[in-house]
Amino acid sequence: MSDVLSQEEIDRLLSALSQGEVNIEEVKKEGEEKKVRTYDFLRPQKFSKEQIRTVQMIHENFARSVSTYLSGKLRSFTSVNVVGIDQLTYDEYMKSISNPSFITIYTAREFVGSAIFNMSLEIFYGILDVFLGGPGEVGDVKRVPTEIETGIIKKEIVNILTSLSQAWISIHPFIPVVESTETNPQFVQIVPSNEMVLAITFFVNFGKVEGYMSICWPSSVIEPIGEKLTTQSWFKIKQKEITKEHIDNLKENLQKTKIEVIAVIGETTLTLGEVLTLEVGDVIRLREHYTDPIRIEINGRTKFLGKPGQYRGNYAVKVTEVIEEGEEE
């Protein structure tokens with residue numbers, strides 16, 4: 001029921017009061033009663049709504065980044081979307097993971113403790129099949145991956161975790177380090193069973209493959225940086241002012257960059273048969289006349305014209321004309 005009454009409801013309430021159908025003292029008594037909210041001591045809420053909202057925005061950025069990365073690696077459009085953020089105990093999270101799964105335990109010097117990145121075997125075997133030249137078939141998801149298969153996907157997990165660190169960079173930069181991988185969730189114990197965790201679940205789809213990934217952030221890892229998990233921190237972007245000094249430094253660094261300069265004396269076209277019959281003493285006729293200027297190319301584009309000669313005992317080309325932008329052809 002809405003807290004704001006319509007005019008019709010107000011009229012009915014006044015009519016009921018005037019006719020004695022409603023006792024005003026009872027109404028006051030009900031309003032003075034304290035509202036009690038149930039609190040579960042076994043599952044305390046460690047994170048506020050604002051913190052969860054910020055975590056959601058971070059991981060939505062992460063999902064877009066992973067979607068772009070996997071689309072390029074798999075040569076197929078890949079959709080990665082956040083489908084849920086839950087506060088639950090570590091034991092409940094581990095029970096929600098199917099056995100077997102591909103579980104990666106990672107940490108960082110900037111965090112206190114470890115976190116978990118979990119990938120279902122549907123995604124695992126789908127990615128693996130594409131990497132090995134297949135169409136992206138899942139196969140038997142109950143089969144435990146081999147060491148070779150784990151090694152192949154582990155490299156991709158490192159890149160995915162790097163995308164995760166990029167998503168966190170405006171809040172709390174960190175460099176992820178993979179500690180270990182496991183397929184049986186019963187053997188993974190990074191925090192006490194009753195510790196609250198934030199579980200972010202992603203739905204992944206590419207080709208005919210569908211599955212889930214998830215990230216588990218224990219409260220002991222997130223709480224030390226909890227004050228940073230605000231919308232103000234998220235939208236606060238530090239923009240560096242571009243000064244003349246920065247421009248001068250950029251110009252100086254560019255001027256030190258080495259580039260390849262090629263002087264093209266002439267060109268021609270031969271068939272493969274003609275090339276195979278070439279012998280010592282044969283003359284190859286070029287399209288250019290010996291009096292024509294030589295093209296000087298930089299990074300494959302003609303930028304100058306010149307004429308050949310010698311300088312201090314070395315072959316050289318003297319620049320005679322500068323080709324302006326748009327005149328290369």
- Query: Out of (1) open to solvent by less than 80 Å² (accessible area, probe 1.4 Å); (2) not in a loop (DSSP other than H, G, I, E, B), what's the single condition that is false for Lys307?
  - Reply: (1)
- Does Val275 satisfy the condition of being outside any loop (DSSP other than H, G, I, E, B), out of contact with any helix residue (DSSP H, G or I) (no Cβ under 8 Å at 6 or more places or on another chain), at pLDDT 85 or above and under 30 Å from Ile200 (Cβ atoms)? no
- Message: Against the conditions (1) of a type outside the set (Gly, Ala, Ser); (2) over 15 Å from the mean Cα position of the chain (by Cα); (3) farther than 17 Å from Tyr90 by Cα; (4) not in a helix (DSSP H, G or I), where does Gln189 fall short? Just the number, please.
- Response: (3)
- For region 110-160, which residues satisfy the criterion of being closer than 24 Å to Ser65 by Cα and of a type in the set (Val, Ile, Thr)? Ile116, Ile123, Ile127, Val130, Val138, Thr150, Ile152, Ile153, Ile157, Val158, Ile160
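Determine whether Glu147 is of a type in the set (Asp, Glu), under 17 Å from Ser214 (Cα atoms) and modelled with pLDDT of 90 or more. Please lay out each step first, then the result.
On the way: of a type in the set (Asp, Glu): yes; under 17 Å from Ser214 (Cα atoms): no; modelled with pLDDT of 90 or more: yes.
Considered against the rule, which asks whether it is of a type in the set (Asp, Glu), under 17 Å from Ser214 (Cα atoms) and modelled with pLDDT of 90 or more, Glu147 comes out as no.
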- Query: Out of (1) exposed (fewer than 15 other Cβ atoms within 10 Å of the Cβ); (2) touching a strand residue (DSSP E or B) at 6+ places or on another chain (Cβ under 8 Å), the odd one out for Glu50 is which?
  - Reply: (2)
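This table checks each residue for (1) under 25 Å from Glu60 (Cα atoms); (2) open to solvent by less than 100 Å² (accessible area, probe 1.4 Å); (3) at pLDDT below 85.
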{"position": "Gln186", "(1), (2), (3)": "no, no, no"}
{"position": "Pro192", "(1), (2), (3)": "no, yes, no"}
{"position": "Phe206", "(1), (2), (3)": "yes, yes, no"}
{"position": "Gln232", "(1), (2), (3)": "yes, no, yes"}
{"position": "Lys238", "(1), (2), (3)": "yes, no, yes"}
{"position": "Leu254", "(1), (2), (3)": "no, no, yes"}
{"position": "Leu270", "(1), (2), (3)": "no, yes, no"}
{"position": "Gly281", "(1), (2), (3)": "no, yes, no"}
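Which of the helices (runs of 4 or more DSSP H) contained wholly in region 80-173 include at least 1 residues that are open to solvent by 70 Å² or more (accessible area, probe 1.4 Å)?
Working: elements: 90-96, 121-131, 147-167.
Counting at least 1 such residues, we get 90-96, 147-167.
Being without any contact (Cβ under 8 Å) to a residue 40 or more places away in the chain and open to solvent by 60 Å² or more (accessible area, probe 1.4 Å) is true for just one of Glu297, Glu274. Which residue is that?
On the way: Glu297 fails: open to solvent by 60 Å² or more (accessible area, probe 1.4 Å).
Going through Glu297, Glu274 in turn, just one is without any contact (Cβ under 8 Å) to a residue 40 or more places away in the chain and open to solvent by 60 Å² or more (accessible area, probe 1.4 Å): Glu274.
Do you know which of the residues in region 57-79 that are in contact (Cβ under 8 Å) with a residue 40 or more places away in the chain and open to solvent by 60 Å² or more (accessible area, probe 1.4 Å) is nearest to the chain's Cα centre (by Cα)?
Lys73
The values are calculated or read from the model by the stated rules, or taken from the named source; none is laboratory data. Keep in mind the model is a prediction, meaning the values are calculated, not measured. Here Cβ is always computed from backbone atoms with ideal geometry, including for glycine, and neighbour counts include all displayed protein chains. Accessible surface is based on the protein model in full, side chains and every heavy atom, while ligands, DNA and RNA are left aside. Shrake-Rupley method; radii C 1.70, N 1.55, O 1.52, S 1.80 Å.
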